[in-house]
Amino acid sequence: HGRGAARDALRFGARYGVGRGISGQTYAIPTKDEFLRARSLDEIDHDVCEFLEFADDNPWLVFLVTPIGCGLAGYSADEIAPMFLTSPDNVVLPKCFIGVMEKQ
């Protein structure tokens, strides 16, 4: 939670060091490991799927997704956005992800 969106999440009730799942008014999807190395796309995809299931199970909540993985982890929107293709209606994606999805 020292940099990027993780640090910003602290303002919304995220607890320092809780890097996966619901925390305060946030839902963490880890893109870096405990050694601050970028996680693989497969690992990130697994956690995105868990998030999408959580969002689908909680339709009264609205989730504003940041362009995860596209900053400090070093991935592009082209690599991450397809993981969100099955997002339920209560998941609001960043413009850079929507742009990628519109091209597909």
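If you scan the range 58-93, which residues turn out to be at positive phi and surrounded by fewer than 18 Cβ atoms within 10 Å (Cβ to Cβ)? If you could, list the steps in order and put the result at the bottom.
Applying the first criterion (at positive phi) to the range 58-93 yields 69, 74.
Once the filter is applied, which keeps residues that are at positive phi and surrounded by fewer than 18 Cβ atoms within 10 Å (Cβ to Cβ), the range 58-93 yields only 74.
For the range 26-39, give me each residue that is open to solvent by less than 90 Å² (accessible area, probe 1.4 Å) and of a type in the set (D, E, K, R).
The initial filter retains those residues of the range 26-39 that are open to solvent by less than 90 Å² (accessible area, probe 1.4 Å), namely 26-33, 38-39.
If the condition is that a residue be open to solvent by less than 90 Å² (accessible area, probe 1.4 Å) and of a type in the set (D, E, K, R), then 32, 33, 39 are the ones that fit.
Exactly one condition in (1) of a type in the set (Ser, Thr, Tyr); (2) open to solvent by 40 Å² or more (accessible area, probe 1.4 Å); (3) touching a Lys or Arg at 6+ places or on another chain (Cβ under 6 Å) is false for residue 23; which is it?
Failing condition for residue 23: (2).
Has the range 4-18 got at least one residue that is surrounded by fewer than 15 Cβ atoms within 10 Å (Cβ to Cβ), in contact with a strand residue (DSSP E or B) (Cβ under 8 Å, 6 or more places away or on another chain) and closer than 21 Å to residue 98 by Cα? If you could, list the steps in order and put the result at the bottom.
Residues of the range 4-18 surrounded by fewer than 15 Cβ atoms within 10 Å (Cβ to Cβ): 7-8, 11-13, 15-17.
Filter again for in contact with a strand residue (DSSP E or B) (Cβ under 8 Å, 6 or more places away or on another chain), leaving 12-13, 15.
After this cut, where a residue has to be closer than 21 Å to residue 98 by Cα as well, the list is none.
Within the range 4-18 (the criterion being surrounded by fewer than 15 Cβ atoms within 10 Å (Cβ to Cβ), in contact with a strand residue (DSSP E or B) (Cβ under 8 Å, 6 or more places away or on another chain) and closer than 21 Å to residue 98 by Cα), the answer is no, since none of the residues qualifies.
For the range 40-57, which residues satisfy the criterion of being buried (at least 18 other Cβ atoms within 10 Å of the Cβ) and either out of contact with any helix residue (DSSP H, G or I) (no Cβ under 8 Å at 6 or more places or on another chain) or β-branched (Val, Ile, Thr) (or both)? Before the answer, list the steps.
Quick first cut of the range 40-57, residues buried (at least 18 other Cβ atoms within 10 Å of the Cβ) only: 44, 47-48, 51-52, 55.
Within the range 40-57, 44, 47, 48, 51, 55 qualify.
The values are calculated or read from the model by the stated rules, or taken from the named source; none is laboratory data. Computed from a predicted model, the values in this text were never measured in an experiment. Neighbour counts are summed over all protein chains in view; Cβ atoms, including those assigned to glycine, are modelled from backbone coordinates with ideal geometry. What goes into the accessible areas is simple: the full protein's heavy atoms, side chains included, and nothing from ligands, DNA or RNA. Shrake-Rupley method; radii C 1.70, N 1.55, O 1.52, S 1.80 Å.
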